[in-house]
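First comes the structure, then the notes that go with it.
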Amino acid sequence: MTEPLRIALAGLGTVGAGVVRLLDRNADLIARRAGRAIIVTSVSARDRHKDRGVDLARFAWEDDTSALAERSDVDVVVELIGGSDGPALALARGAFAAGKGLVTANKAMLAHHGIELAGLAERAGVALKFEAAVAGGVPVIKGLREGAAANRIAQVYGILNGTCNFILSRMETEGRDFYEVLAQAQAAGFAEADPSFDIDGVDAGHKLAILASIAFGTLPAFGDLALEGIRHVLGADIAEAAALGYRVRLLGMAEAGAAGLFQRVHPCLVPVSHPLAHVTGATNAVVAEGDFVGRLLFQGAGAGAGPTASAVVADLIDIARGVVGPPLSMPTDLLTRAARAEPGERRGRAYLRFTVADRVGVLAEIAAAMRDAGVSIESLIQRGVQADGSVLVAIVTHDGPERCVAQALERLRGSQSLAGRPMLMHILD
């Protein structure tokens, strides 16, 4: 075996401690698979004295995270700090400037600065690896970048946020409303104290932007994403979907075509016959459609110390073997800048839920707005009066252009008959 691969580890939270634990426990196996040992030489975190359940005394400590990139006993920097800018970005730039490789789990940084960092890595002739940034321990990046490299990918979509999937699954099985289950998820550690990044779709959007770039050979375009989270999904929506033969899932979806790059994170009704309908709990699952390989399904734990640490160390093993390659599946100068595809001409069916006043003429008003916008109604269901005196009306549309549904909702904007915002969920057919 050759000299060890020496790494510096920035960030010693759940995942960082998990990386140390994994490198310790499977040291011999990792060395045999990598062709050489992988060792930690130095670390950095905010609190030097916190007990993380692993022995850190054997490593050099740097109070200044950026100093890790300048150490002579470091070949690769592992960044597990998080955040799109700040210390994480400074460390990444510093690592490439010093000619060192970088492994990161930071999807926000890659979604916002991925093209810059990929270019820096290429010019320095070093690796930029980020398997852990999307779907935790699920090897979807490697699957798309390497396993499906010969394929033209038509579409990539899936469940990209474990917190949202945990919440929706619990709403489904327990019949509770969103905020009740969110509190449950926070108590169990599945949701942050401020869960906005998860429940508003931002986290899933970061991951989708990375997947789309790799799948389609386009520049990361997080700014072109349409984002809608799950905070407005009611228990009644979950029940209505079940009665119709669907389950509600927050999906990230990307397609590249003649109209440009389409990217959207949105709660959808998924048929119970589809594999994604059976992905429950804090699990991630990604579907890719290749022209020769057909449908690929990647599924597994999307977060947590073990799965994410596994993905980080898998990247380190690749680097130890000498595997570098373009970070975004092809050299940055060959990536295309795709126009943003507008969703208006996309066709499909939709689920619409209205909370309305219990009075004569409301259904006629909604039906007229649909008619005038050219939306054909497949079914309309009115449920009983709620505790606050309102009524829930659920509509499923026939197949048609999405712009027509948008126009119908615009016609109803400001209507005195509506109590609260309508809920729109597209149907995955």
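What is the helix-to-structure angle for 178-187, meaning the angle in degrees between its Cα long axis and the longest Cα principal axis of the chain, kept from 0 to 90 and rounded to the nearest 10? On a 0 to 90 degree scale, this one is about 20. Since only G344, A277, A373 are under comparison, the one whose Cα sits farthest along the positive direction of the charge dipole of the stretch 269-393, derived from C-beta charges on Lys, Arg, Asp and Glu, is A373.
Please state the charge dipole magnitude for the chain, taken about the Cα centre, from unit charges on C-beta atoms (+1 on K and R, -1 on D and E), reported in debye and rounded to the nearest 20.
Values: 42 positive and 48 negative charges, 107 e Å.
In total the dipole reaches around 520 debye.
Sort 395-404, 73-82, 102-111 by the packing proxy (mean of other Cβ within 10 Å over each peptide's residues), most packed first.
102-111, 73-82, 395-404
In the chain, the longest principal axis of the Cα atoms and the axis of helix 107-124 are about 40 degrees apart.
Report, in debye and to the nearest 20, how large the dipole of the stretch 186-335 comes out about its Cα centre when Lys and Arg carry +1 and Asp and Glu carry -1 on their Cβ.
Details: 7 positive and 15 negative charges, 69 e Å.
The dipole of the stretch 186-335 has a size of about 340 debye.
Just to confirm my numbers, what's the Cα centroid distance between the stretch 246-316 and the stretch 1-67 in Å? Spelled out, the Cα-based centre of one part sits 30 Å from the other.
Cβ under 11 Å from E62's Cβ, E62 left aside: what net charge do those residues give with Lys, Arg +1 and Asp, Glu -1?
Values: positive: R48, R71; negative: D63, D64, E70.
Summing Lys/Arg as +1 and Asp/Glu as -1 gives -1.
Can you bin the stretch 345-427 into rounded, prolate or oblate? Criterion: square roots of the alpha carbon gyration tensor eigenvalues sorted a ≥ b ≥ c, rounded for a/c under 1.5, prolate for a/b above b/c, oblate for the rest. Prolate shape, in that a/c is at least 1.5 and a/b is the bigger ratio. Relative to the longest principal axis of the Cα atoms of the chain, the long axis of helix 402-412 makes an angle of roughly 60 degrees. For the chain, the mean residue ellipticity at 222 nm estimated from helices alone is -10000 deg cm²/dmol, where every DSSP H run of n ≥ 4 contributes -39500 (n - 2.57) and the total is divided by all residues, rounded to the nearest 500.
Please work out whether the stretch 270-398 counts as rounded, prolate or oblate from its C-alpha gyration tensor, where a ≥ b ≥ c are the square roots of the eigenvalues and a/c under 1.5 means rounded, while otherwise a/b larger than b/c means prolate and anything else oblate? Mind showing how you got there, number by number?
Values: a/c = 3.27, a/b = 2.08, b/c = 1.57.
Note, shape of the stretch 270-398 comes out prolate.
For the stretch 350-412, a crude dipole built from +1 on the beta carbon of Lys and Arg and -1 on the beta carbon of Asp and Glu, taken about the Cα centre, is about 80 debye to the nearest 20.
When peptides 150-160, 357-367 are ranked by their average number of other Cβ atoms within 10 Å per residue, the highest-first order is 150-160, 357-367. Let me make sure I get this right: for the stretch 220-310, a, b and c are the square roots of the gyration tensor eigenvalues over alpha carbons, sorted descending. Under 1.5 in a/c it's rounded, otherwise prolate if a/b > b/c, else oblate. Which is it? Judged from the Cα gyration tensor, the stretch 220-310 comes out rounded (a/c under 1.5). Computed over the stretch 140-301, the alpha-carbon pair-distance distribution with 5 angstrom bins reads 2, 10, 19, 21, 19, 14, 9, 5, 1, 0, each value a whole percent.
Compute the orientation-averaged projected area for the chain from the convex hull of its Cα atoms and round it to one decimal in nm². Intermediate values should be presented prior to the final figure.
Numbers: hull surface 87.0 nm².
With the hull built on Cα positions only, its mean projection is 21.7 nm².
Relative contact order of the chain, taken over Cα pairs closer than 8 Å and 6 or more residues apart, is 16 percent. The packing ranking of peptides 211-223, 323-335, highest mean first, is 211-223, 323-335, where packing means the average number of other beta carbon atoms within 10 angstrom of each residue.
Computed from the coordinates by the stated procedures, all read-outs in this text should not be read as laboratory data. Keep in mind it's a predicted model, so treat the numbers as computed, not measured. We place every Cβ from the backbone using ideal geometry, glycine too, and count neighbours over all the protein chains shown.
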